[in-house]
Structures are given as structure tokens and as C-alpha cells.
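Below is one structure, written out as C-alpha cells; the observations come after it.
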Amino acid sequence: MGDYRDYDAIVIGAGFAGVTAARELRARGLRPVILEARHRIGGRTWTDDFDGTMIEYGGGWLSPHQSLAMQELERYGIPLVEGMLATPEWAVFPTEDGLKPFSADEALGRLGKLLTTIFEDSGELFPHPEHPMLRADLVTEQDRLSLRDHIDRLNLAPRDDAWISTLVGGFSGGSSRVGGYTALAHWWAMTGGHLEGWITIEGQAPRSGMSALLQEILNDAQARVHLNTPVTAIADDGRAVRVTTATGREFSAPVAVVAVPTNVWRTIDFAPGLPEIHAEAARQGVSVDNSSRVWLRVRGDFGPVHVRDVEGGLLTPLFTHTVLSDNEQLLTGYSQNKQLDTSRPEQVREVLARLLPQAELVSYRAYDWGRDPYALGGWALRRTGQLSRHLPRIQQPHGRITFANDGIASGWHGFIDGAIETGHRAAEQAAALAA
Ligand SMILES: Cc1cc2nc3c(=O)[nH]c(=O)nc-3n(C[C@H](O)[C@H](O)[C@H](O)COP(=O)(O)OP(=O)(O)OC[C@H]3O[C@@H](n4cnc5c(N)ncnc54)[C@H](O)[C@@H]3O)c2cc1C
């Protein structure tokens with residue numbers, strides 16, 4: 001049995017969902033202990049330093065439309081800094097004849113119009129987006145469509161189709177065939193159903209970085225955190241939950257909050273086994289399978305840029321984060337294509353040369369979430385059919401176990417705000433079970 005009896009709730013996972021759950025358990029009079037697989041807290045958020053510049057390998061932006069995250073910033077007196085992304089002066093976008101330069105106004109303006117067009121029904125589907133199944137009748141029908149299916153029915157001109165596909169394909173794991181149409185339509189509704197809101201998803205961040213915000217929440221949880229403690233099995237005998245770690249150590253408490261990503265549930269041995277819907281989500285995956293975040297310090301005589309390769313490209317989008325000096329920039333990019341191996345500098349150099357031949361690579365940093373066994377993917381993005389099949393059942397406790405992660409959020413599914421939402425819910429459920 002556990003060595004420490006100074007806890008009465010076990011939280012598994014120290015990302016935003018788990019740490020919020022721990023703080024909220026403490027607020028309800030329970031004493032949480034946190035078991036975290038990695039050597040650090042934060043999960044899919046990770047603030048680091050790259051040659052003196054603060055970078056985020058995972059979740060880095062917060063929007064004023066994300067009310068739970070905003071409450072956290074307010075609570076801890078952390079300002080949200082706007083304009084953290086350099087404004088692009090030009091763009092590189094795919095055409096019938098390969099990648100071509102455009103003015104930023106032309107390319108990004110067109111993309112904005114296309115987004116507005118493809119999501120114009122989202123207000124009807126999600127009149128109160130924090131309750132995504134309110135119009136279950138409409139949502140269930142539209143949930144049969146992938147993003148690709150939805151774009152196909154709009155009969156866009158080939159270039160428009162290519163541009164919007166690369167954008168939504170990027171959010172949906174590299175292919176617009178994976179993500180459900182309702183998933184991005186819901187994001188659109190959460191930002192107020194207009195482009196101005198959507199744009200706020202990127203470019204604003206807590207001044208001190210995401211890890212510092214999480215640390216504030218953790219301080220309030222007053223929880224002991226066991227790092228380097230991967231959980232391998234969770235057994236619930238109806239009276240207590242027994243949690244076993246990779247080294248065979250056991251922790252036992254009246255309740256447990258499982259705050260690891262949905263994609264990771266399949267690596268843990270649950271007894272009794274997960275309910276059907278949870279098992280299905282774990283099998284299918286909810287987070288995008290492959291997701292690397294890349295930071296490139298480059299040299300070259302060009303202004304801030306926004307680059308989009310074709311859908312499924314090796315590094316798309318790629319854009320200027322900071323102009324460091326007259327001829328140096330810090331670019332940041334995302335990849336959902338597992339063919340990109342960021343541990344191979346020559347491949348990174350080749351990809352950059354194709355996208356932006358005028359840029360000379362000085363150095364880079366990257367993190368591949370798809371290859372990380374404790375993430376098994378990037379942000380959550382519901383696949384076709386998952387919203388209507390899984391919500392709200394996937395949010396329910398399983399015996400004395402409750403669940404929290406960004407993939408099961410009602411509101412900001414796939415975002416830090418969503419992780420916080422589920423941390424609140426899981427703590428409330430766990431406290432009720434422990435009473
Ligand atoms: C590249 C990238 C960019 C993103 N950009 C944004 C953004 O700009 N804004 C935004 O809001 N969101 C963004 N996100 C999404 C955001 O990072 C996530 O939604 C959020 O961090 C999820 O929090 P979580 O607590 O649900 O899961 P996680 O952060 O994954 O936390 C789960 C924790 O469980 C631990 N764990 C896993 N398995 C075990 C185990 N067996 N035993 C013990 N512990 C275990 C993990 O180590 C981890 O610490 C991004 C994500 C990625 C990958």
C-alpha cells in the first residue's frame with residue numbers, strides 16, 4: 001500500500017487538467033497527491049528558453065474568449081500580453097504551380113473569407129457553444145462529416161479549396177479527412193462565430209509563459225507531486241482505488257482523477273475495464289496523432305512571413321514569431337506529418353530550403369508530441385462522429401475514478417481552457433464520490 005497517508009485523492013497527470021483538479025479537490029477539503037510520469041509538470045505545455053527567447057513547445061496562446069483561462073490569469077495577477085507574434089508582411093501559399101509569394105493582405109485576407117464561409121452554419125449548430133449538444137438533432141447529422149466532406153460540398157475553386165484544406169488539415173492532424181467538421185465549427189462558435197474572434201486564438205500569451213501559470217495553480221493545490229512516476233494500472237474495488245506505478249509502487253485512496261490524455265488511456269490497465277465509450281475514444285484517439293512544434297532561428301534579408309505548404313506538408317504552417325534583428329528572425333512552425341524527423345537537422349534544413357529558400361538556418365529546437373509516450377499526440381480534435389457519440393457520457397465517472405483532459409471538454413476542446421474545465425468537473429465529481 002502507499003507510503004504516504006497524507007492524501008485522500010490521487011490525481012494522475014500534472015498537466016492543466018490534473019493540476020486544476022488537484023487545486024479544486026483541495027478547495028473542497030480533500031488532500032490530493034499527484035503522480036506524474038515525466039520529470040516535469042505541464043504535460044503538453046512546456047515553456048523553455050531558446051538562446052534567450054522564451055518559447056513554448058506545446059500550448060502557448062490564450063484567447064480572451066477562453067474565460068476559464070482568463071479567470072486563472074486574473075486570479076494570479078498574470079497579464080495577457082497581446083501582439084506577441086510579428087505581423088507578417090508577406091506570405092507563401094500553394095498554387096497550381098507550386099509555392100508562390102503573395103502579399104500578406106491578399107493571402108491571409110482570402111483565408112479569413114474562406115473560414116467565414118465554411119463555418120457560416122456554426123451559429124445554428126452551436127447556439128450556446130459551451131453546451132455543444134444543445135442542438136443534438138442538427139449536430140448528430142453534421143457530425144457524420146469530416147472536414148473534407150464539408151469542404152467538398154461547398155464546391156470551392158481549386159485554389160480556395162487548397163488553401164482552406166491546408167489550414168483545417170493542419171488543425172486536424174495533417175489531413176482534413178481526420179477531424180470532424182463539427183470540431184472546428186465548434187471552435188469557430190466558441191470564438192464568437194466571427195473572424196475577429198478566431199484570430200485571437202493565436203498571438204496572445206501570459207507574460208510569464210504557460211509553465212509559470214501552471215505552477216501558480218499547483219502552489220494552491222498544496223499537493224505533493226511525485227515526478228518520474230508513470231502509472232501503469234488503476235484498480236477500483238468499489239471502496240478504494242489502487243494505483244500502481246511502473247516501478248510497482250502502490251497508492252490507494254477513496255477516489256482518483258485520471259488526468260492523462262485520452263490517447264494515453266489505452267496504455268493503462270483499468271480494472272474494471274473502461275466503459276465502452278471511453279474505450280472507443282482511447283482506441284480511436286482524440287488528440288491529433290502526430291504533432292511537432294518547431295522553432296527556427298534563421299538569417300536572411302526578408303520581412304516577417306507566413307508560410308503555408310499544401311495540406312499534409314512536412315512543416316505547415318511556418319511563420320515569423322519574432323524579428324530578432326535586421327537579418328535574423330525566430331520562426332515557429334507545426335508539423336503533423338510523421339515523415340518529418342526533427343532529430344535530423346539535415347531534413348529540417350531541406351524542408352526550410354523548400355519553403356523559404358531565402359532563409360538560412362542558424363539553429364533550431366523542436367519537440368515531437370506524437371513520439372512522446374505520455375502524450376501520444378498533440379492537441380485534441382474530435383474526429384468524425386466523436387462529439388455526438390461521446391458527449392456527455394465520456395465526462396462521467398467510472399466507479400470511483402473521474403476523468404479530466406482537454407479531449408473531453410464541452411467548451412474549449414483541445415485547448416488549455418478545456419483542460420481547466422475538465423479539471424473543475426472531475427474534482428467536483430471526485431469530491432461527491434468521496435463524501
Ligand atoms: C504543439 C501544440 C500546440 C498547442 N497550442 C495551444 C495553444 O496555443 N493554446 C491552447 O490553449 N492549447 C494549445 N495546445 C493544447 C494544450 O496544450 C492542451 O490542450 C493542454 O495542455 C492539455 O492539458 P491536459 O492536462 O488535458 O493534458 P496534458 O497536458 O497532456 O497533461 C497530462 C499529464 O499526464 C501525464 N501522464 C501521461 N501518462 C501518464 C501516466 N501513465 N502516469 C502518470 N502521468 C501520466 C503527462 O506526462 C502529462 O503531464 C497545443 C498543444 C500542442 C501539442
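The values are calculated or read from the model by the stated rules, or taken from the named source; none is laboratory data. Given the structure is predicted, the values throughout are model-derived calculations rather than measurements. We place every Cβ from the backbone using ideal geometry, glycine too, and count neighbours over all the protein chains shown. When the accessible area is computed, the model is the full protein with side chains, heavy atoms only, and any ligands, DNA or RNA have been set aside. Shrake-Rupley method; radii C 1.70, N 1.55, O 1.52, S 1.80 Å.
Working note: 222 nm ellipticity from helices only, DSSP H runs with n ≥ 4, each -39,500 (n - 2.57), summed and divided by the residues of the chain, gives -9500 deg cm²/dmol to the nearest 500.
With the charge dipole of segment 123-241 set up from +1 on Lys and Arg Cβ and -1 on Asp and Glu Cβ about the Cα centre, the Cα lying farthest toward the positive end among the listed residues Gly179, Pro158, His226 is that of His226.
Apply the a/c threshold of 1.5 to the C-alpha gyration tensor of segment 335-398 and tell me whether it is rounded, prolate or oblate. Taking the square roots of the gyration eigenvalues as a ≥ b ≥ c, segment 335-398 is prolate. A straight chain from Ala246 to Val310 at 0.36 nm per residue would run longer than the Cα-Cα distance by 18.9 nm. Assuming charge only on the beta carbon of Lys and Arg (+1) and of Asp and Glu (-1), the dipole of the chain about its Cα centre is about 1200 debye to the nearest 20. Accessible surface calculations at 1.4 Å, restricted to protein heavy atoms, place the chain at 39 Å² per residue.
What percentage of the solvent-accessible surface of the chain, computed with a 1.4 Å probe over protein heavy atoms, is contributed by carbon and sulfur atoms? Of the solvent-accessible surface of the chain, carbon and sulfur hold 49 percent.
Once the Cβ-Cβ distance of Met70 and Asp341 is raised to the sixth power relative to R0 = 22 Å, the FRET efficiency obtained is 0.05. Taking max minus min of the alpha-carbon positions on each principal axis, segment 93-205 gives extents of 44, 31, 22 Å, largest first.
Here the 3J(HN,Hα) profile of segment 196-212, calculated from phi with Karplus coefficients 6.51, -1.76 and 1.60 at θ = phi - 60°, is 4, x, 4, 4, 6, 5, 10, x, 10, 8, x, 3, 8, x, 6, 5, 5 Hz, Gly and Pro shown as x. Computed on protein heavy atoms with a 1.4 Å probe, the accessible areas place His128, His398 in the order His128, His398, largest first. Volume per residue of the convex hull around the Cα atoms, evaluated for the chain, comes out as 130 Å³.
Pairwise Cα distances in segment 29-110 exceed 20 Å for 62 percent of all pairs.
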